[in-house]
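Trainee: This is the structure I have questions about; it appears just below.
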Amino acid sequence: MFASIGNAAPSAAATDDATLIARSVAEPEIFAQLYDRYAADLHRYVLRRLGAEMAEDVVGETFLIAFRQRDRYDTGRPHARPWLYGIAANLIGKHRRTELRAYRALARTGVDPVAESWSDRVDGQVTAAASRAPLAAALRSLSDGDRHVLLLIAWADLSYDEVATALGIPLGTVRSRLNRARKKMRAALGDNNPALTSEETDHG
């Protein structure tokens, strides 16, 4: 999408995200570099949440919204990743029924239509864990807010501060939501939880 709209000057490639976004207000083609930096990771994350059918559209819309709002970006934040994941989280929230339907199907049948769509693209151990019915049931039991926090940390590898920025919530709320989500996940899965091992890493 944005990768094809133009080529920025080579010197822009070494700039931080905030500088790149600020420059893109007057030079829109530069914004393509932000897409190049983050689209692949964002696509992998949305893929895990919604499946292949919706991932491309959600990522494309994320960058379209970001492009339209680039003149409002807080240039005091050098890294745009939390901003982009925050936009994506809002879009994922609009497809809540799709996500919950996939969890429900997995919990009932043991077949995960979402996991199957990305099973060839991720580590086999994680795929196997994500295909477990108990994991799907536990994720489905979480509130939307708790699920966003847990998966932004466990699957997108955002720090607590980045999650707070992405979702526009206080750091204390991130910690309380994560703590609540972890308790539910542990109750459902015990120690056998390789898909979410990064949740035990202190990102704060």
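The values are calculated or read from the model by the stated rules, or taken from the named source; none is laboratory data. None of the values given here were measured: they were computed from a predicted structure. Positions of Cβ are generated from backbone atoms using ideal geometry, with glycine treated the same way; all protein chains shown enter the neighbour counts. In case anyone asks, the SASA skips ligands and DNA or RNA and just uses the protein heavy atoms, side chains included. Shrake-Rupley method; radii C 1.70, N 1.55, O 1.52, S 1.80 Å.
Trainee: Would you mind listing how long segment 11-94 runs along its three principal axes, going by Cα atoms, in whole Å with the largest first?
Mentor: Extents along the principal axes: 36, 22, 18 Å.
Trainee: Still on this structure, I have one more. When the solvent-accessible surface of protein heavy atoms is calculated with a 1.4 angstrom probe, in what order do Thr62, Thr19 fall, highest first?
Mentor: Accessible-area ranking of Thr62, Thr19, largest first: Thr19, Thr62.
Trainee: Sum up the charges of everything whose Cβ sits under 15 Å from the Cβ of Ala166, counting Lys and Arg as +1 and Asp and Glu as -1, but leave Ala166 out.
Mentor: Taking every Cβ under 15 Å from that of Ala166, the sum is -2.
Trainee: Another one. Round to the nearest 0.05 the FRET efficiency obtained for Asp71 and Leu100 when R0 = 35 Å and r is the Cβ-Cβ distance.
Mentor: 0.50
Trainee: Remind me, relative contact order of segment 11-94 in percent, using alpha carbon pairs under 8 angstrom and six or more residues apart?
Mentor: 40
Trainee: Next up: Please list Lys184, Lys94 in order of solvent-accessible area, largest first, computed with a 1.4 Å probe with all protein chains present. Let's see the in-between values first.
Mentor: Details: Lys184 85, Lys94 155 Å².
These residues rank, largest area first, as Lys94, Lys184.
Trainee: Same structure again: Quick one: pull the percent of accessible area on segment 11-94 belonging to carbon and sulfur, 1.4 Å probe, ligands and nucleic acids left out. Could the numbers behind the result be given before it?
Mentor: Details: 1820 of 3880 Å².
Reported share for carbon and sulfur atoms: 47 percent.
Trainee: Counting only heavy atoms of the protein chains, get the accessible area per residue of segment 11-94 (1.4 Å probe) and round it to a whole Å² value.
Mentor: 46
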